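Some notes on the structure that comes next.
The values are calculated or read from the model by the stated rules, or taken from the named source; none is laboratory data. Because the structure is a prediction, the values reported are computed rather than measured. Glycine also receives a Cβ, built like all others from the backbone with ideal geometry; neighbour counts cover every protein chain displayed.
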Amino acid sequence: MFKQIYVNLPIRDMGRSRAFFEAIGLEFDPRFTNDQGACLVLGNGFGAMLLVESFFQGFTRKPVCNAHEQTEVLLALAVDSREAVNEVVNKAVAAGADTPIEPKDHGFMYQHGFTDLDGHQWEVFWMDESAAPAQM
């Protein structure tokens, strides 16, 4: 199996994006951060590489998606409680994010999310796996 995952996301303004994610309490790994790319630490062994669009384009022959108009990916992040879900989303909104959907409470799982400054959609959720139904 895999040991790590780093999702690469195109961004328009490095300073603006870094300030946004720092405002919601996240950090960057300085070893893998410069003016073209920044390693957003999401946990032990996983993160997001925020890459300025022109740099991002160098990794693909396809056009870069405008995440304000199309959905390229939904990023789902697990937290420890329902309260933590709301805390992360509230910090993101205070830092300039939008909320694309209303919170959803499935009993065993609670989710809410935000759209960052570049249009990427982040889903934040808490789940009690022991209470999850056998089939969803």
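If you go through the range 42-71 and keep only what is surrounded by 14 or more Cβ atoms within 10 Å (Cβ to Cβ), under 15 Å from the mean Cα position of the chain (by Cα) and either modelled with pLDDT of 95 or more or part of a loop (DSSP other than H, G, I, E, B) (or both), you end up with Leu42, Gly47, Ala48, Met49, Leu50, Leu51, Ala67.
Note on the range 43-77: residues that are under 17 Å from Glu123 (Cβ atoms) and touching a strand residue (DSSP E or B) at 6+ places or on another chain (Cβ under 6 Å) amount to 7. Could you figure out which of (1) of a type in the set (S, T, N, Q); (2) more than 26 Å from Ala94 (Cα to Cα); (3) in contact with a Leu (Cβ under 7 Å, 6 or more places away or on another chain) isn't true of Ser17? With (1) of a type in the set (S, T, N, Q); (2) more than 26 Å from Ala94 (Cα to Cα); (3) in contact with a Leu (Cβ under 7 Å, 6 or more places away or on another chain) applied to Ser17, the lone miss is (2). Taking the criterion of being β-branched (Val, Ile, Thr), touching a residue at least 24 places away in the same chain (Cβ under 8 Å) and outside any strand (DSSP E or B), the only residue of the range 1-38 that qualifies is Ile24.
Within the range 72-98, the residues that satisfy the criterion of being small (Gly, Ala, Ser) and outside any helix (DSSP H, G or I) are Ala76, Ala78, Ser81, Ala95, Gly96, Ala97.
Within the range 21-51, the set of residues being out of contact with any Gly (no Cβ under 7 Å at 6 or more places or on another chain) and aliphatic (A, V, I, L, M) comprises Ala23, Ile24, Leu26, Ala38, Leu42, Ala48.
Here's the yes/no breakdown for (1) touching a Ser or Thr at 6+ places or on another chain (Cβ under 7 Å); (2) under 16 Å from Leu9 (Cβ atoms); (3) free of Cβ contacts under 8 Å to residues at least 12 places away in the same chain:
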{"site": "Thr71", "(1), (2), (3)": "no, yes, no"}
{"site": "Val85", "(1), (2), (3)": "no, no, no"}
{"site": "Ala94", "(1), (2), (3)": "no, no, no"}
{"site": "Ala97", "(1), (2), (3)": "yes, yes, no"}
{"site": "Phe114", "(1), (2), (3)": "yes, yes, no"}
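Could you say whether any residue in the range 99-116 is aliphatic (A, V, I, L, M) and either under 30 Å from Ser130 (Cα atoms) or outside any loop (DSSP other than H, G, I, E, B) (or both)? Steps first, please.
So the first thing to find is which residues in the range 99-116 are aliphatic (A, V, I, L, M), and the list is 101, 109.
Retained after the next criterion (residues that are either under 30 Å from Ser130 (Cα atoms) or outside any loop (DSSP other than H, G, I, E, B) (or both)): 101, 109.
Yes, there is a match, as at least one residue in the range 99-116 is aliphatic (A, V, I, L, M) and either under 30 Å from Ser130 (Cα atoms) or outside any loop (DSSP other than H, G, I, E, B) (or both).
In the range 72-87, of all residues being surrounded by 12 or more Cβ atoms within 10 Å (Cβ to Cβ) and more than 17 Å from Gly119 (Cα to Cα), the one that is nearest to the chain's Cα centre (by Cα) corresponds to Ala78. The set of residues from the range 77-136 being of a type in the set (D, E, K, R) and at pLDDT below 95 comprises Asp128, Glu129.
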